[in-house]
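The values are calculated or read from the model by the stated rules, or taken from the named source; none is laboratory data. Computed from a prediction, not measured in an experiment: that's the story for all the values here. Cβ coordinates were reconstructed from backbone atoms using ideal geometry, including for glycine residues, and neighbour counts include every protein chain displayed.
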Amino acid sequence: MRIVWAGFDRGRSLRSGDGGLTWHPATARFVARASFPDERRGLAVAGPFGGGSGPLRIAITEDGGRTWHVRAGPCPLPLSFNAFVSRPTASLAWLLCVGQGGAGNEGKAVYRSRDGGRTWHALGQNGLSSYGYPVGVSIAADGFGLVWETRGTLFVTRDGGRTWRGQASIVRPEIDFGRSAVTLPGGVGYELDGRGNSRIRLLATRDAGRTWHVVHRWP
């Protein structure tokens, strides 16, 4: 797959058609918050964000983001402040629903789909602490996944989101703020965190989050 999407704050996004060598502004809706397993299929959170306007909706594309079908999502209203998606295959997808944050805490729940986001099954929050504000979720098709946060820590699952384990000795609450992460087949994963806008580091694992090592540091 040569097409790559990059999402940024305030809904901005870039698209590359050559594997990341060159980039151009993307105008397709929802792609800044989307997860694509291939060039055509994608899943995104469509809003409304911030709570108070009803449950969050999701959007599905089958043509590379040219058109989107918006439908109701599974997040209950108390956990409809924000959400994050991970779609590693055409059929498998996960959704992390979060509530409104306060004093470092935010309600969380994980849902899984086996039909590309059309129907969802609640997995709960077993092991996901309320402390910390989630920034994203990434779960590979083999069940290895990560949830990264600000103020909280990094959470690891090896059973497709049924149970989670915090990595507070690796990513320290209130010190190491999560920025991005990705999981790949075979237990490979990467996590980027930092202390504010400085001391950025890239962590890597090759054993599904059992051990981590620093790949690179930025001052």
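Going by the conditions given, is Leu95 within 24 Å of Gly7 (Cβ to Cβ) and touching a residue at least 60 places away in the same chain (Cβ under 8 Å)?
no
When the stretch 78-95 is examined, which residues are found to be touching a Ser or Thr at 6+ places or on another chain (Cβ under 6 Å) and assigned to a strand (DSSP E or B)?
Matches in the stretch 78-95: Val85, Ser86, Ala93, Trp94.
If you take the residues in the stretch 36-61 that are out of contact with any strand residue (DSSP E or B) (no Cβ under 8 Å at 6 or more places or on another chain) and modelled with pLDDT of 90 or more, which one is farthest from Val182 (Cα to Cα)?
Taking the candidates together, the pick is Asp38.
Could you tell me whether any residue of the stretch 162-178 is β-branched (Val, Ile, Thr) and closer than 18 Å to Val85 by Cβ?
Applying the first criterion (β-branched (Val, Ile, Thr)) to the stretch 162-178 yields 163, 170-171, 175.
Filter once more, so that each one left must be closer than 18 Å to Val85 by Cβ: none.
Looking for residues that are β-branched (Val, Ile, Thr) and closer than 18 Å to Val85 by Cβ, one finds none in the stretch 162-178, hence no.
Looking at the stretch 129-148, which of its residues are without any contact (Cβ under 8 Å) to a residue 40 or more places away in the chain, in contact with a Ser or Thr (Cβ under 9 Å, 6 or more places away or on another chain) and over 12 Å from Ala208 (Cα atoms)? Even if it seems obvious, please write down each step before you answer.
Step one: list which residues in the stretch 129-148 are without any contact (Cβ under 8 Å) to a residue 40 or more places away in the chain, which gives 129-130, 133, 143.
Cutting the leftovers down to in contact with a Ser or Thr (Cβ under 9 Å, 6 or more places away or on another chain) gives us 129, 133, 143.
Hits for the stretch 129-148 are Ser129, Tyr133.
Looking at (1) in a strand (DSSP E or B); (2) without any contact (Cβ under 8 Å) to a residue 40 or more places away in the chain, find the lone condition where Ala122 falls short.
(2)
Show the residue pairs meeting these rules: Cβ distance below 9 Å; 6+ apart or different chains; first residue within the stretch 55-81 and on the phi > 0 side of the Ramachandran plot; second residue assigned to a strand (DSSP E or B) and not β-branched (Val, Ile, Thr).
Pairs found: Gly64/Gly42; Gly65/Trp5; Gly65/Arg15; Gly65/Ala34; Gly65/Gly42; Gly65/Ala44.
Between a first residue in the stretch 15-35 that is surrounded by 18 or more Cβ atoms within 10 Å (Cβ to Cβ) and modelled with pLDDT of 80 or more and a second residue that is of a type in the set (Lys, Arg) and not in a strand (DSSP E or B), which pairs have beta carbons less than 7 Å apart while being 6 or more apart in sequence or on different chains?
These pairs meet every condition: Ser35/Arg87.
Please state which of the following conditions Arg210 fails to meet, knowing it meets all the rest: (1) surrounded by fewer than 17 Cβ atoms within 10 Å (Cβ to Cβ); (2) among the basic types (Lys, Arg); (3) within 25 Å of Asn105 (Cβ to Cβ).
Only one criterion in (1) surrounded by fewer than 17 Cβ atoms within 10 Å (Cβ to Cβ); (2) among the basic types (Lys, Arg); (3) within 25 Å of Asn105 (Cβ to Cβ) is unmet by Arg210, namely (3).
Any chance you could count how many residues in the stretch 164-189 are surrounded by 18 or more Cβ atoms within 10 Å (Cβ to Cβ) and closer than 20 Å to Ala122 by Cβ?
Result for the stretch 164-189: 1.
crowded, with 20+ Cβ neighbours inside 10 Å, modelled with pLDDT of 95 or more, part of a loop (DSSP other than H, G, I, E, B) and under 14 Å from the mean Cα position of the chain (by Cα): does that describe Gly161?
yes
What are the pairs, 6+ residues apart or on separate chains, where a residue within the stretch 200-219 that is part of a loop (DSSP other than H, G, I, E, B) has its Cβ under 6 Å from a residue that is of a type in the set (Phe, Trp, Tyr)?
From residues that are part of a loop (DSSP other than H, G, I, E, B), the pairs are Ala208/Phe144.
Say whether the condition of being closer than 25 Å to Phe36 by Cβ and in contact with a Ser or Thr (Cβ under 6 Å, 6 or more places away or on another chain) is met by at least one residue in the stretch 160-177. Lay out the reasoning, then the answer.
We begin by selecting, within the stretch 160-177, every residue closer than 25 Å to Phe36 by Cβ; these are 160-162, 164.
Subset that is in contact with a Ser or Thr (Cβ under 6 Å, 6 or more places away or on another chain): 164.
So far as the stretch 160-177 goes, yes, one or more of its residues are closer than 25 Å to Phe36 by Cβ and in contact with a Ser or Thr (Cβ under 6 Å, 6 or more places away or on another chain).
Pick out the one residue from Arg112, Arg66 that is modelled with pLDDT under 95 and either surrounded by fewer than 21 Cβ atoms within 10 Å (Cβ to Cβ) or assigned to a loop (DSSP other than H, G, I, E, B) (or both).
Being modelled with pLDDT under 95 and either surrounded by fewer than 21 Cβ atoms within 10 Å (Cβ to Cβ) or assigned to a loop (DSSP other than H, G, I, E, B) (or both) holds for just one of Arg112, Arg66, which is Arg66.
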